[in-house]
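The structure appears right after this line, and notes come after that.
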Amino acid sequence: MGLPKRQRLVGAWLLLSGLSFFAGLVIALWLDARLAPQGGERLALWAASLAGGILLFVLGALLEQRLLRPLRHLQVLVARLAANPDARDDYPPEGWLAGLAPDLKRLREGWRGDRERLATAHAEGARSAARIRQELEALLQLLETPLLLCDRHHRVLLFNQAAEQLFADHPGLGLGKRLEGLLPQASLRDSLSRLPDDGTPRELLVPLGEHWLRAMLRRVPSQHEETLITLEDATAAWHSELGPRAGLAELLPRLRGHGANLGSAAEALGQLEGESSELRQRLTRAIDEEGQGLAEAIERLGELTETLQQQGERLLPTWSNDLFEALNERLADRGLAVAPIGIPAWVKADAPALLGVLEALVTGLAEELDHPRLEAEACLGNKRVYLDLIWAGEPLGQGRLAQWQRRRLEQLPLTPSLQSLLRQHASELWSLADEDGRHARLRLPLPAAERVGAPRPRVSPRPEFHDFGIAELPPPDEALAARPLSALEVVAFDTETTGLALRQGDKVISLGACRIVNGRLLADDTFDVRIDPERPIPPESTAIHGLRDQDVAGAPPLAQVMPRFRDYVGDAVLLAHNAAFDLLALQPTGSPCRLTMPVLDTLLLSRALDPSLDGHDLDSLAGRYDLAIPPEARHTALGDARLTAELWLHLLPRLEARGILRLDQLLRLQSDAFDREDASA
């Protein structure tokens, strides 16, 4: 059971010392009254009577100073070594245990030496594996096709950045999570169960919100029977097939019919020499009607062709500032540049072709106007965006522009003409004067893209986007109670509140969580949400967590956040420090969303492991196990959740050393600590 708690030892020591001293005092008074000794005899009587209490007090103080406190420090040192052999050695043996210092130092150095030699023995193979892994990661992150790799139990082993962007803000994407939480279609599950083992692909269409995804499924030949899933957004192709392409297919028979009728009417008209004028009029009228129908069909054909051009796969959303920046890079070696002005906008363009067009136009303007200072602006029109090149001077004549449009761009494949590239973008070119009378511009209209706002900054790849060890974990339908602790999927969470009196109206203002999968704390798989408490935040609470009323203004209420948090947790086990408080904060009376999964509490686990030690709060345990956390992250929901997760990983080897290997064993240990202590501490 370990050492008794220090408070109990001190209490027992003081009680025994006091009782002994009081008993000696009573005996001394009684003997002094009966014997009435004088001088040295009286002094000896009093000294002998009180000696027991004084000796007991001195011996207790000596034991506390020289033995009991060193034993507690030794217990902390051993616990830290068991959790992390590389932790700081700031609890050296002292008192009567000081002689153990050389031996402990030798044990620590021997332990570290063995680990270093083992690491050196594996370094060569690990270096090669790391290089292959880095190359794999780089290739997967550069791949623009979203892909997922799942094990036989449909748990996600790997995903790339394209998949992360496709499923942005979707709670079902994450290492170890079930594919059913991401794409819940029964047809997908059926196809996965019927995949051939030889790697033959199977194609499937699955819905995702308002989009349809074309999923290509392949079984990877391996002992774990993984499945590779590549995804493609098929919505645009469907719209194209059911829209302009279908219209063209319907239009062609009409064109053929009008053409045949015109030919027949013209042939009949040629054979009517000398016939009645009435018949000739009827044939002429038929030719006019068919000619009008043919003109309308040709006009419709032009509209459909223009729509197809705008929907073409090469016309992609392009940010105008990116376009101008790339143009300046091309013009730099000629001493030319354009200065972007105004508000940038999205356009639909074949970027390489459009850059060739703009480069030719800027070069032509430089030759025509003797290197003017050029500005570039994107102006919003009616379903169009105008890319304007602006200079101080007069507009260019239409004849000069027609001459430029006949130029061929030799830097592009097949040397297309500028006019053909304008036609590809359903565009034309003209020049006009500005309203100020001092400037002119060359205008290029382009299709507008249905996007708003600047492009999102490219996020760095996740530190963890694959873990093939998940495939070796027990199947998800195995009894959770018998699951090994090392195989648990754990979600550590923490809350910040308006105060500590939850039963008197204090509310949650922040909820943070992070995930542990296969014994690894995932760096970017987090949940961090601020919550509207629907009441003011007291200044004394702000002094702790730093959140003010304006920080949670407009945030969702707890009732909206809890279903999202429940989806984020999935099949994982919950972990918190002093979980009773956080669970009460998240599940107030009348809350419809309940957390029914098992909950682990690092406060109770620490008490169960070290009942004789004081200080089981999060700060004390962080110091005991040498856990570092940035000061600005402490007392934030996500920061404290990360710290709790790190603490769990340090407690895990100590639990396993005591034979606590399964979740049911751990819950029993935690329950015993809960019964012994006040959970609200």
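At-a-glance table
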| item | result |
| --- | --- |
| Unmet criterion (only one of (1) within 25 Å of VAL561 (Cβ to Cβ); (2) surrounded by fewer than 15 Cβ atoms within 10 Å (Cβ to Cβ)) for ARG189 | (1) |
| Filter result for TRP111 (at pLDDT 75 or above, of a type in the set (Phe, Trp, Tyr) and open to solvent by 80 Å² or more (accessible area, probe 1.4 Å)) | yes |
| Strands (runs of 3 or more DSSP E) enclosed by region 301-404 - at least 2 residues per element that are modelled with pLDDT of 85 or more and not polar (S, T, N, Q) | 338-341, 346-349, 374-380, 384-392 |
| Failed item in (1) open to solvent by 50 Å² or more (accessible area, probe 1.4 Å); (2) modelled with pLDDT under 75; (3) closer than 25 Å to GLU64 by Cβ, with LEU97 passing the rest | (1) |
| THR589 vs. criteria open to solvent by 40 Å² or more (accessible area, probe 1.4 Å) and either within 25 Å of LEU655 (Cα to Cα) or in a helix (DSSP H, G or I) (or both) | no |
| Residue list for region 633-661, restricted to those being touching a strand residue (DSSP E or B) at 6+ places or on another chain (Cβ under 9 Å), open to solvent by 10 Å² or more (accessible area, probe 1.4 Å) and among the β-branched types (Val, Ile, Thr) | THR636 |
| Odd one out for GLU296 among (1) surrounded by fewer than 13 Cβ atoms within 10 Å (Cβ to Cβ); (2) at pLDDT 85 or above; (3) in a helix (DSSP H, G or I) | (2) |
| Enumerated helices (runs of 4 or more DSSP H) restricted to region 1-84, each holding at least 3 residues that are open to solvent by 80 Å² or more (accessible area, probe 1.4 Å) | 6-35, 40-63 |
| Conditions (1) crowded, with 16+ Cβ neighbours inside 10 Å; (2) among the small types (Gly, Ala, Ser); (3) under 28 Å from GLY570 (Cα atoms); (4) free of Cβ contacts under 8 Å to residues at least 60 places away in the same chain: number failed by GLY554 | (1) |
| Search result, residues across region 618-649 that are of a type outside the set (A, V, I, L, M, F, W, C) and within 27 Å of ALA479 (Cβ to Cβ) | THR644 |
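The values are calculated or read from the model by the stated rules, or taken from the named source; none is laboratory data. The structure displayed is predicted, hence computed values, not measured ones. In this analysis, Cβ positions are derived from the backbone assuming ideal geometry, glycine residues included, and neighbour counts consider all displayed protein chains. To get the accessible areas, we keep the full protein, side chains included, count just its heavy atoms, and leave off ligands, DNA and RNA. Shrake-Rupley method; radii C 1.70, N 1.55, O 1.52, S 1.80 Å.
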